[in-house]
Amino acid sequence: MRTPAPLRFPPNFVWGTATAAAQIEGAARTDGKSESVWDRFARRPGAVFNGDTLDIACDHYHRFDQDFALMARLGIKHYRLSLAWPRLIPCGDATINQRGIDFYHRLFDSLEKHGITPWVTLFHWDLPQALEAQGGWRSRVVPEAFARYADVAVKAFGSRVKNWITLNEIRCFTVHGYAGLGKAPGAAEAPGVVNQTIHHALVCHGHAVRAVREHGGRGARVGLTDNCETVIPFTETAPDIAAARAHFVETNQSILGAIYGGGYAPAYLRRCGADRPRVTRGDFALISLPTDFLGLNIYTGLTVRRGKNGKPERVLASPSYPKTDSPWLELAPRALYWGPRLAAEVYGVKNIYITENGCGYNDDQVVKGECQDLHRVEYLRSYLKELHRAMQDRTPVRGYFLWSFLDNFEWADGYTRRFGIVHNDFKTQQRTPKMSAHWYARVVADNALL
Ligand code: NOJ
């Protein structure tokens, strides 16, 4: 039997792992940190599975040095993390909390010591509750406050952080948070209000880009991380590819279309009708500021073909089609081929990073010191093969961040849903690298799938 040829990645390909402050740090009330919308939401009965809170999480606040030592032992040299806005500016808008700034300086010192490059997301869903009380994403209070927060963060850390991500997954903290879809702050607003929350998030993205250009110093780069709808053609033939592309363009008009198009597409505004977002003069000058890369979080995809009427038509999987334990996460390795490819083709993006990819299961257990998450290894292998195929076809993907380094607070699913390649025992805070961590370490070391 012939051994298949290794799938080699280009030199300088960025291999990393990703986390977010609210999901791992804990220390929810330590050193001046204020309450975030998620701290508040998690206390609402029934909002989070099992009543889990973010209070302790992985206690990474106190354990980051050991965590980075483990990351370094696994040979992982790039790490995507987020800053907690409520730690840096507890009331959202005014006074800076020096203890918060000091914490992240200690954290960056440790990353430096371990030879790990930080990729820093400015906003990963933990809005200060004080800003929600003033209207949250519904109101322009947030973009105004965010502009100041972005300036503070980039000025404070710009000499040591060169890779900046503006916001994480706009759709999740706007639509899911304000249209009753199970995320903080758990509001249920009319469609016009929800569209306005998206618009305000776009303005924040623009402010983050501006802040990085103004204060980021030499070599600073910036981009958005989006979870665009990833559309997969049922067959890889011209009619299905055209249908997938048309559906991709339409479903992503409110965020990526707006950023790269310099305004809302007429078709999007027609669909919104009276619920169209209100745009203030100057908004799109910010929103469409050029960026250096696009981050894509890709877990699954929507399969589409050309229907009999010539329009895109969804192809639904049968009930026995493989899923992970997250009901929304159907296995779709080709999402990692078509997601970046369509984004590059439709928006002309020159540098794409997969800023998240991974899978969540409920039953990752440590038995006799080992966690045999074979399901995760097979998931990752099948997805990375497709990423490699995309790059062979010249899709400009420059890096890949596995979600997540550690099992953590999986939002409304609490601690039950484990996405980590490192197992965390939430009672003892004992970390145990899973089989997938050792497997991924090999991929990173070889810069190849063998
Ligand atoms: C996307 C989010 O950015 C992250 O916070 C979340 O944990 C993962 N997806 C898995 O659901």
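Summary of values
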quantity	calculated
Among (1) surrounded by 14 or more Cβ atoms within 10 Å (Cβ to Cβ); (2) more than 21 Å from the chain's Cα centre (by Cα) - the single one Gly273 does not satisfy	(1)
Flag if Phe409 is at pLDDT 95 or above and touching a Gly at 6+ places or on another chain (Cβ under 7 Å)	no
Long-range neighbours under 8 Å by Cβ, at least six apart or interchain, first residue under 16 Å from Val161 (Cβ atoms) within the stretch 83-111, second part of a loop (DSSP other than H, G, I, E, B) and at pLDDT below 95	Trp85/Gly92
Those residues of the stretch 415-450 which are among the polar types (S, T, N, Q) and touching a strand residue (DSSP E or B) at 6+ places or on another chain (Cβ under 7 Å), in sequence order	Asn424, Thr432, Asn447
Residue list for the stretch 346-384, filter: at pLDDT 95 or above, away from the ligand (no atom under 16 Å from the Cβ) and part of a loop (DSSP other than H, G, I, E, B)	Gly348, Val349, Lys350, Asn351, Gln365, Val366, Lys368, Gly369, Cys371, Gln372
Qualifying positions in the stretch 385-425 - within 12 Å of the ligand (Cβ to nearest atom), of a type outside the set (D, E, K, R) and part of a helix (DSSP H, G or I)	Trp411, Ala412
Pairs with Cβ under 6 Å, 6+ apart, first in the stretch 164-188 and modelled with pLDDT under 95, second outside any loop (DSSP other than H, G, I, E, B)	none
In the stretch 175-185, the residues that are surrounded by 19 or more Cβ atoms within 10 Å (Cβ to Cβ) and over 18 Å from the mean Cα position of the chain (by Cα)	Tyr178, Pro185
Pick from the stretch 147-185, criterion among the β-branched types (Val, Ile, Thr) and under 14 Å from Ser82 (Cα atoms), ranking: nearest to the ligand (Cβ to nearest atom)	Ile165
Residue within the stretch 111-125 that is on the phi > 0 side of the Ramachandran plot and touching a strand residue (DSSP E or B) at 6+ places or on another chain (Cβ under 9 Å) present	yes
Subset tally (residues that are touching a helix residue (DSSP H, G or I) at 6+ places or on another chain (Cβ under 6 Å) and buried (at least 24 other Cβ atoms within 10 Å of the Cβ)) for the stretch 9-25	3
Residue within the stretch 402-413 that is of a type in the set (S, T, N, Q) and surrounded by fewer than 18 Cβ atoms within 10 Å (Cβ to Cβ) present	no
So Leu70, is it more than 21 Å from the chain's Cα centre (by Cα), crowded, with 17+ Cβ neighbours inside 10 Å and closer than 30 Å to His114 by Cα	yes
Options Trp119, Trp85: the member that is within 16 Å of the ligand (Cβ to nearest atom) and in contact with a helix residue (DSSP H, G or I) (Cβ under 6 Å, 6 or more places away or on another chain)	Trp85
Top-ranked residue in the stretch 288-333 [being within 14 Å of the ligand (Cβ to nearest atom) and outside any loop (DSSP other than H, G, I, E, B); ranked as farthest from Glu236 (Cα to Cα)]	Gly295
Pairs where the first residue, in the stretch 319-347, is in contact (Cβ under 8 Å) with a residue 12 or more places away in the chain and buried (at least 21 other Cβ atoms within 10 Å of the Cβ) and the second is assigned to a loop (DSSP other than H, G, I, E, B) and of a type in the set (A, V, I, L, M), C-beta under 8 Å, 6+ apart	Thr324/Leu331; Ala335/Ile298; Leu336/Ile298; Gly339/Ile298; Pro340/Ile298; Ala343/Val349
Residue ID - surrounded by the most Cβ atoms within 10 Å (Cβ to Cβ), chosen from residues in the stretch 242-270 that are of a type in the set (A, V, I, L, M) and over 26 Å from the mean Cα position of the chain (by Cα)	Ala243
Failed condition for Glu144, given (1) away from the ligand (no atom under 16 Å from the Cβ); (2) in contact with a Gly (Cβ under 8 Å, 6 or more places away or on another chain)	(2)
Set Phe9, Phe64: member being more than 30 Å from Gly182 (Cβ to Cβ) and away from the ligand (no atom under 14 Å from the Cβ)	Phe9
Selection from the stretch 217-237 of residues that are part of a strand (DSSP E or B), within 18 Å of the chain's Cα centre (by Cα) and either within 15 Å of the ligand (Cβ to nearest atom) or not aliphatic (A, V, I, L, M) (or both)	Arg221, Gly223, Leu224, Thr225, Asp226
Subset of the stretch 47-59 [surrounded by fewer than 22 Cβ atoms within 10 Å (Cβ to Cβ) and closer than 14 Å to Lys183 by Cβ]	Ala47, Phe49
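The values are calculated or read from the model by the stated rules, or taken from the named source; none is laboratory data. Not measured: the values here are computed from a predicted model. Heads up, the Cβs are rebuilt from the backbone with ideal geometry, glycines too, and the neighbour counts pull from every protein chain shown.
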